[in-house]
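Structure first, commentary second.
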Amino acid sequence: MQALDSYIDSNRDRFLSELLDLLRIPSVSADPVYKADVVRCAEEVKKRMLEAGLEKVEVCPTAGHPIVYGEKILDPSKPTVLVYGHYDVQPADPVELWHSGPFDPVIKGGMIYARGSADDKGQFYMHIKAVEVMMKSGGLPCNVKVMIEGEEEVGSKNLGVFVKANKERLKADVVLISDTAMIANDVPSINTGLRGLSYVEVEVTGPNRDLHSGVYGGAVSNPINALCEMIASLHDADRRVTIPGFYDTVNELSNAERKALAEAPFDEEAYMKDLDINAVRGEKGYSTEERSSIRPTLDVNGIWGGYIGEGAKTVLPSKAFAKLSMRLVPNQKSEAITKLFQDHFVRIAPPGVKVVVKPHHGGEAAVTPIDSAAYQAASKAMEETFGKKPIPTRGGGSIPIVALFEEELGLKTVLFGFGLDSDNIHSPNEKYGVFNYFQGIRTIPRFFHHFAAQESER
Ligand code: BES
Ligand code: MN
Ligand code: MN
């Protein structure tokens with residue numbers, strides 16, 4: 001492992017500048033304006049994979065953004081790790097709130113500021129560098145396959161198609177993903193679960209055209225008022241979601257499981273201070289950590305309609321819109337929950353408005369085992385580089401493909417994330433620690449080493 005660490009040390013500057021170059025490409029998957037940049041990013045990832053020593057590297061076209069795939073097979077009888085990551089990023093807006101350009105990376109106070117620095121370019125690139133490091137100092141201990149997609153932030157629809165069509169090519173023993181966060185740099189942890197997602201857009205229509213709010217106001221349904229009433233009714237006084245059937249299939253954790261999760265350190269005062277809020281709020285009977293990981297939720301992500309320009313315009317709008325996300329937990333099925341929402345939302349419409357619910361993407365929740373050889377290898381690797389055994393924790397975000405890897409390929413995942421919740425992913429001023437980046441590059445080869453050793457013993 002010493003050869004490995006010294007190789008990393010002597011290539012430190014290059015490893016950093018290569019990441020910064022990748023961060024300069026605005027590979028925003030949601031916005032068609034960036035389509036050419038997304039393709040350019042895929043080509044760049046392919047180049048980097050080849051340079052790292054991967055073979056059969058290919059930019060695979062899909063009905064949407066391309067997937068980059070490469071592998072290094074030493075010996076088919078050796079175990080195989082399938083690394084997954086995403087090179088696409090979230091839109092940068094609101095751009096005016098960034099302290100430096102979202103695609104103009106700068107390093108300040110030990111942090112790399114740029115859209116995608118933590119989610120997920122900085123994290124998947126650690127794996128490409130780890131492959132290079134292993135190949136240049138002692139060799140790979142087992143086979144590796146690397147698949148980096150361009151549509152994670154928009155639901156991974158075409159990756160699902162690709163996985164189903166490439167089962168043989170993707171055959172492996174475990175999936176390794178760095179796209180989650182740890183508790184703190186001195187409190188390493190490994191996510192053992194992800195939530196699922198149902199994402200919907202709603203359109204509420206009142207009168208057939210915008211109206212003078214004095215002439216008509218008070219006599220007809222205002223779609224914005226109606227939408228607000230409807231949204232407000234989706235939670236009760238205990239902050240539980242009121243959609244009938246919403247909790248029916250929820251996997252309730254046992255008291256022992258809840259107790260184990262509560263052992264992870266969490267400072268609620270610091271949490272509130274960081275967010276500048278004077279109280280936390282959520283489902284009655286659950287802690288903040290539970291509310292943000294093992295419980296399902298419903299949130300408005302955006303809402304619009306009517307006049308939002310300068311000054312005042314007295315208008316009663318014809319339409320109102322909102323985008324909502326529901327985070328789901330194991331055993332809640334995304335499609336079924338979307339249907340429950342759809343039926344309920346149409347049913348609760350007040351008189352005088354029409355409601356249309358348009359489902360967007362979704363995904364299923366996933367839990368990963370902690371008694372597997374792969375988890376044990378990850379735990380040992382982190383213990384070596386952090387000097388502390390990582391704590392298993394449940395995460396609140398979603399990576400829909402994880403459930404699909406299990407369903408289609410029969411593979412379990414290790415969520416080997418090195419980010420922090422404070423990295424501002426999906427927010428202005430997204431950042432990733434230089435420490436975290438190199439810690440990942442140091443830790444990943446140790447995972448390969450332990451995983452290969454354990455598998456060959458079996
Ligand atoms: N990397 C995140 C997911 C994540 C973040 C998991 C933090 C755990 C902790 C991923 O890129 C993401 O943002 N996923 C989307 C889902 C997708 C369907 C748009 C999400 O969670 O909103
Ligand atoms: Mn991500
Ligand atoms: Mn993301």
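Of 418, 368, 94, which is farthest on the positive side of the dipole of the chain, counting Cα position, with +1 on Lys and Arg Cβ, -1 on Asp and Glu Cβ, and the Cα centre as origin?
So the residue we want is 368.
Taking 10 °C and 1.306 mPa s as the conditions, I'd like the Stokes-Einstein D for segment 112-223 in µm²/s, using the Kirkwood hydrodynamic radius from alpha carbon pairs.
Numbers: Rh = 19.3 Å.
Once the numbers are plugged in, D ends up at 82 µm²/s.
Sort all Cα-Cα distances of segment 314-452 into consecutive 10 angstrom bins from zero, then give the percent of pairs in each bin up to the one containing the longest distance.
Going from the shortest bin to the longest, the percentages are 9, 27, 28, 18, 10, 6, 1.
Suppose a student asked you for the relative contact order of the chain, using Cα pairs under 8 Å spaced at least 6 residues apart; what percent would you report?
Values: 926 pairs, mean separation 114.9, N = 458.
After rounding, I find 25 percent.
Work out, in µm²/s and without decimals, the Stokes-Einstein translational diffusion coefficient of the chain at 25 °C, 0.890 mPa s, Rh from Kirkwood over C-alpha pairs.
Values: Rh = 23.5 Å.
Estimated diffusion coefficient is 104 µm²/s.
Kirkwood hydrodynamic radius, segment 241-399, all distinct C-alpha pairs: what's the number in Å? Don't skip to the answer; put the middle values down first.
On the way: mean 1/r = 0.0517 Å⁻¹.
Result for segment 241-399 stands at 19.4 Å.
Size of the dipole of segment 65-153 about the Cα centre, Lys and Arg at +1 and Asp and Glu at -1 on the beta carbon, nothing else charged, in debye to 20?
Values: 8 positive and 13 negative charges, 123 e Å.
Here the size comes out at about 600 debye.
Taking Rh as the Kirkwood radius computed over C-alpha pairs, what is the Stokes-Einstein D of segment 260-323 at 20 °C in a medium of viscosity 1.002 mPa s, expressed in µm² per second? Don't jump to the answer; show the numbers that get you there.
Working: Rh = 15.5 Å.
Translational diffusion coefficient: 138 µm²/s.
Taking the Cα centroid of segment 17-64 and of segment 382-458, what is the distance between the two, rounded to the nearest whole Å?
Each part reduced to its Cα centre gives a spacing of 21 Å.
How large, in percent, is the carbon and sulfur part of the accessible surface of segment 324-369 at a probe radius of 1.4 Å?
In segment 324-369, the share of accessible area belonging to carbon and sulfur is 58 percent.
Among the trypsin sites (Lys or Arg not before Pro) within segment 137-234, which fall in a DSSP loop and have no more than 11 other Cβ atoms within 10 Å of their own Cβ? Write down the numbers at each step before the final one.
Details: sites: 145, 157, 164, 167, 169, 171, 195, 209; in loops: 167, 169, 171, 195, 209.
The qualifying sites are 167, 209.
Mind giving me the FRET efficiency for residue 358 and residue 233? R0 is 22 Å, r the Cβ-Cβ distance, nearest 0.05 is fine.
Values: r = 20 Å, r/R0 = 0.91.
So, using R0 = 22 Å, E works out to roughly 0.65.
If you take the Cα Rg of segment 378-458 and divide it by 2.2 N^0.38 Å, with N the number of residues, what do you get?
Details: Rg = 14.8 Å, N = 81, 2.2 N^0.38 = 11.7 Å.
Expressed relative to 2.2 N^0.38 Å, the Cα Rg reads 1.27.
From zero outward in steps of 5 Å, how is the percent of C-alpha pairs of segment 32-148 spread across the bins?
2, 11, 19, 21, 17, 13, 9, 5, 2, 1, 0
Extension gain residue 21-residue 408, at 0.36 nm per residue separation less the Cα-Cα distance, in nm? Write out the running numbers ahead of the final one.
Working: separation 387, 0.36 × 387 = 139.32 nm, distance 3.46 nm.
My answer for the length gained is 135.9 nm.
Could you please report the charge total around residue 203, scoring K, R as +1 and D, E as -1 over all other residues with beta-carbon less than 9 angstrom from its beta-carbon?
Working: positive: 319, 354, 358; negative: 201.
So the environment of residue 203 carries a net charge of +2.
Separation between the residue 273 and residue 99 pseudo-spin-labels, each 7 Å from Cα along Cα→Cβ, expressed in nm?
According to this spin-label approximation, the distance is 1.8 nm.
What percentages, rounded to whole numbers, describe P(r) for segment 200-268 computed over all alpha carbon pairs with 10 Å bin width beginning at zero?
Whole-percent P(r) values from 0 Å outward: 14, 26, 24, 18, 10, 8, 0.
Ratio of segment 9-63's C-alpha Rg to 2.2 N^0.38 Å, to two decimals? Write out the running numbers ahead of the final one.
Values: Rg = 13.1 Å, N = 55, 2.2 N^0.38 = 10.1 Å.
Relative to the 2.2 N^0.38 Å estimate, segment 9-63 comes out at 1.29.
What whole-number value in Å² describes the accessible area per residue of segment 300-443 for a 1.4 Å probe?
Details: 6310 Å² over 144 residues.
Heavy-atom accessible area per residue stands at 44 Å².
Can you tell me how much longer the chain between residue 315 and residue 215 gets when fully stretched, taken as 0.36 nm per residue apart minus their C-alpha distance, in nm with one decimal?
Details: separation 100, 0.36 × 100 = 36.00 nm, distance 0.96 nm.
Between residue 315 and residue 215, full extension yields 35.0 nm more.
Quick one: of the DSSP bridges fully inside the chain, what percent are antiparallel, nearest 5?
Numbers: 48 of 68 bridges.
Percentage antiparallel, nearest 5: 70.
Roughly how compact is segment 79-136, stated as its Cα Rg over 2.2 N^0.38 Å to two decimals?
Values: Rg = 14.3 Å, N = 58, 2.2 N^0.38 = 10.3 Å.
So segment 79-136 has a normalised radius of gyration of 1.39.
Share of Cα-Cα pairs in segment 335-380 beyond 11 Å, in percent?
On the way: 776 of 1035 pairs.
That fraction is 75 percent.
Among 399, 427, 287, which residue has its Cα furthest toward the positive end of the charge dipole of the chain, with +1 on Lys/Arg Cβ and -1 on Asp/Glu Cβ?
Positive-most Cα among the choices belongs to 399.
Rg/Rh for segment 53-111: what does it come to with C-alpha atoms and Rh from Kirkwood?
On the way: Rg = 17.9 Å, Rh = 15.5 Å.
So for segment 53-111, dividing Rg by the Kirkwood Rh gives 1.15.
Over segment 123-213, how many pairs of lysines fall under 24 Å by alpha carbon, counting only those 8 or more apart in sequence or from different chains?
Taking segment 123-213 as the scope, the lysine pair count is 9.
Rounding to the nearest 20 debye, state how big the charge dipole of segment 1-127 is about its Cα centre with +1 on each Lys and Arg Cβ and -1 on each Asp and Glu Cβ.
Numbers: 14 positive and 20 negative charges, 32 e Å.
Approximately 160 debye in magnitude.
Can you compute the charge dipole magnitude of the chain about its Cα centre, using +1 on each Lys and Arg Cβ and -1 on each Asp and Glu Cβ, nothing else charged? Give it in debye, rounded to the nearest 20. Could you put the intermediate results ahead of the total?
Numbers: 51 positive and 63 negative charges, 114 e Å.
Dipole size: approximately 540 debye.
Using only Cα atoms, locate the centre of segment 192-241 and the centre of segment 298-316, then give the distance between them in Å, rounded to an integer.
Rounded to whole Å, the Cα centres lie 12 Å apart.
The values are calculated or read from the model by the stated rules, or taken from the named source; none is laboratory data. Keep in mind the model is a prediction, meaning the values are calculated, not measured. Methodologically, a virtual Cβ is constructed for each residue, glycine included, from the backbone with ideal geometry; neighbour enumeration extends over all protein chains shown. Ligands, DNA and RNA are stripped out before the accessible areas are found, and what is left, the full protein with its side chains, is counted by its heavy atoms. Shrake-Rupley method; radii C 1.70, N 1.55, O 1.52, S 1.80 Å.
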